[in-house]
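Scroll down for the structure; my scribbles are underneath it.
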Amino acid sequence: MFESHHLRKPTGKSAFSGLGAGEPGNSGQESYVFPMVLGDMKGTTNSLTHTAAAMMPSPIFIWRFQVTLFLVWGFSCCKIGWDSVMRMNSDLRDLFLYEAFLYYNPLLLVTMMVWLWGVCLWVFSQSTISYVKIFDIDQNHLTHREIWKCSTWLTIIVPTSMTAYLYLYSHGEVSLAASQPVILYIAFALVLVFPFDIFYLSSRYFFLKTLWRIAFPLQPISFPDFFLADILTSMAKVFSDLERSVCRMLHNQVATIAWFEADSICGSHSVAIPLMLVIPYIWRLMQCLRQYKDTKEKTTLFNALKYSTAVPVIFLSALKYHVLPDRWTHVYHPLWLISSFVNSLYSFYWDVTRDWDLSVFTRIFKFNKPTWWSDLLYGQKWVYYWVIGSNLILRCTWTYKLSAHLRHNYLTVFTITALEMLRRFQWIFFRVENEWNKISKSSIQLPMTDIPNEDEKLVDSSDHTV
């Protein structure tokens, strides 16, 4: 058999004991040659590790560098966009800005809502409320950091496309300019329905499945179903603008002024506008009827009535373009004002008395690790006054964005839509908290008959094995 003095032997000698061990005078070196070699190797490894760590920039430096790049990018987009607009003919400038605003404002509002949802998740993660249990989602859900990462990319991509659109059109590249919003819309649609396991497939699947359940309420309604449907009612204007934008793209009217004809298929008098505005409310109405079918609770019928009050607000407004001016002034306009008043007050009443529980509604701001921000909000009376007052005001202005005859004031409508989304943002906190309180109460209130008393325990104890 082959034997080697370099292999470890049963006596426990080192496998390297033959390196000079058989030579006179080298027996004492066995105890320190190998440790010295290992020590040198370890020291070299540690020094390389420390050197590599020293060469890596600190997280603070990386964050400042990213912020600097973001500010430079933002300034560049503003500068290029402004110079491009100033190059245009003053007669067509406002019309073209209106068109560019139409294509990009719905995506900007979606980006804003994604940012706000990330803030909501951050607050939920800091508080004592388990939003994972409320929404019945798995542990691999997107965190607030991942939501903010998505919203950051949206914040970069959408304004960049808009800047390219303005620049190319002002420099005579009309066909290339027209392709910018088309490419952006197609890219968004593809990313949303991409079937492969990238771009957060499980979260996209959950979102699309919830949308399907909202559009076709053929099954019992869960909390995520009507929660997302409520958010979509605040984004009804987004639905309407998306329809008008896609209509122009399909009819090759992007970067043209042909679509400014009000009676055209994609014009401001189109019947598709009120239809798209009313869709989220019809969805929510059908959900309430489905809940009544499952639970027989009369409260769901009153909730359905609340959403039905938005229907006359939308269609009475649209009648302005299809009736005589005198008839609009003396008949339909007063009816529109009355329906708007009823819808606003009914919705406000439901928010305060049904969707929220004002007795404990600041519990969500009781953080596990209190900060100055949580101390500013938790248990403070001014929060009550603010949330009720702002909700009332924004509920009244909310009908403005549902009115087709006021949509020509696009900057005003955009501002009111953004404010409505902020109202919905603060509504989320207290609606989720109210749901958590219901879950907590149902989990701790056990029927007394289910709790065995001492006599029952003694009787049951007779059945045992010795």
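The values are calculated or read from the model by the stated rules, or taken from the named source; none is laboratory data. For clarity, every value in this text was computed on a predicted model and none was experimentally measured. Every residue, glycine among them, receives a Cβ derived from its backbone with ideal geometry; neighbour counts consider all protein chains shown. To get the accessible areas, we keep the full protein, side chains included, count just its heavy atoms, and leave off ligands, DNA and RNA. Shrake-Rupley method; radii C 1.70, N 1.55, O 1.52, S 1.80 Å.
Asp294 to Ser90: FRET efficiency via 1/(1 + (r/R0)^6), r the Cβ-Cβ distance, R0 51 Å, to the nearest 0.05? After rounding, the FRET efficiency stands at 0.30. For the range 62-440, the calculated P(r), taken from all Cα-Cα distances in 20 Å bins from zero up to the bin holding the longest distance, is 24, 57, 19, 0 percent.
Restriction of the chymotrypsin sites (Phe, Trp or Tyr not before Pro) in the range 185-238 to DSSP coil positions whose beta-carbon has at most 14 other beta-carbons within 10 angstrom yields Phe196, Phe199. Measuring against 26 Å, Cα to Cα, the residue pairs Lys381/Lys438; Lys237/Lys438; Lys296/Lys441; Lys237/Lys298; Lys209/Lys237; Lys149/Lys381 contain Lys237/Lys438; Lys237/Lys298; Lys149/Lys381 as the ones spanning a longer distance. Note on the range 62-440: with neighbouring protein chains present and a 1.4 Å probe, carbon and sulfur make up 70 percent of its accessible heavy-atom surface. Checking every one of the GluC sites (Glu not before Pro) in the range 222-318 against DSSP loop status and a limit of 14 other Cβ atoms within 10 Å picks out Glu261, Glu297. Phi-derived couplings, Karplus 6.51 cos²θ - 1.76 cosθ + 1.60 at θ = phi - 60°, listed residue by residue for the range 84-92: 5, 5, 5, 6, 7, 5, 4, 5, 9 Hz, with x used for Gly and Pro. Given a Förster distance of 56 angstrom, what is the FRET efficiency for Trp212 paired with Ser58, based on the Cβ-Cβ distance and rounded to 0.05? For R0 = 56 Å, the calculated efficiency reads 0.75.
Maximal additional length on extending the Ile183-Leu335 stretch stands at 50.5 nm, based on 0.36 nm per residue less the C-alpha distance. Rounded, prolate or oblate: which fits the range 198-295 when a ≥ b ≥ c are the square roots of the eigenvalues of the alpha-carbon gyration tensor, with rounded for a/c under 1.5 and prolate only if a/b beats b/c? Judged from the Cα gyration tensor, the range 198-295 comes out oblate (a/c at least 1.5, b/c at or above a/b). Our summary of shape: the Cα atoms of the range 149-214 have principal axis extents of 44, 23, 22 Å, ordered from largest down, in whole angstrom. Sequence-distant contacts, meaning Cα pairs under 8 Å at least 6 residues apart, place the relative contact order of the range 62-440 at 18 percent.
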